[in-house]
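One structure below.
What follows is calculated from the coordinates using simple rules that are stated; it is not laboratory data. On a predicted model such as this, the values are computed, not experimentally measured, just so you know. Don't worry about glycine lacking a Cβ; one is built from the backbone with ideal geometry, like all the others, and counts go over all protein chains shown.
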Amino acid sequence: MTATTIADRIIIVLAIIFIVWLYQHYWIKPNKANYALILVANQEPIKINLHKIQKLNIQGAIGESIIEISKGRIRFVTSPCHNQQCVHTGWLTHGREIAVCLPNKITIQMQDTDEFDAIVY
């Protein structure tokens, strides 16, 4: 085997820098969500504009949940479930974030059309 040349080392360093840049650019950077989907069992999904300030009363399986939308973010304010995990989730702001109230069968999914979920070849 021969030793690596200076040109080989330059190509290897450039390839490593390029791979690190690709990783940071496409996978690390959290994108702001464009809209949210509210999914309620046995109902059509509700598409929500995150830039309109509003409160929604959503009827679920065991009662009414209140969802607040403000400044590009969304959260559960109250829900009739016992442990309130959905409320403790807090504000959702980035694509692919999710908050779920399992007893009440309500899900909030943040959606971002600019971000890849997976790449398949």
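Rundown of residues vs (1) within 17 Å of the chain's Cα centre (by Cα); (2) β-branched (Val, Ile, Thr), yes/no style:
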| residue | (1), (2) |
| --- | --- |
| Thr4 | no, yes |
| Asp8 | no, no |
| Ile12 | no, yes |
| Asn34 | yes, no |
| Asn42 | no, no |
| Pro45 | yes, no |
| Lys52 | no, no |
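Any idea which of (1) touching a residue at least 40 places away in the same chain (Cβ under 8 Å); (2) on the phi > 0 side of the Ramachandran plot; (3) within 15 Å of the chain's Cα centre (by Cα) is the one Gly90 doesn't satisfy?
Failed condition: (1).
Going through region 1-58 one residue at a time, which ones are outside any helix (DSSP H, G or I), of a type in the set (Ser, Thr, Tyr) and under 20 Å from His94 (Cα atoms)?
Of everything in region 1-58, just one residue is outside any helix (DSSP H, G or I), of a type in the set (Ser, Thr, Tyr) and under 20 Å from His94 (Cα atoms), namely Tyr35.
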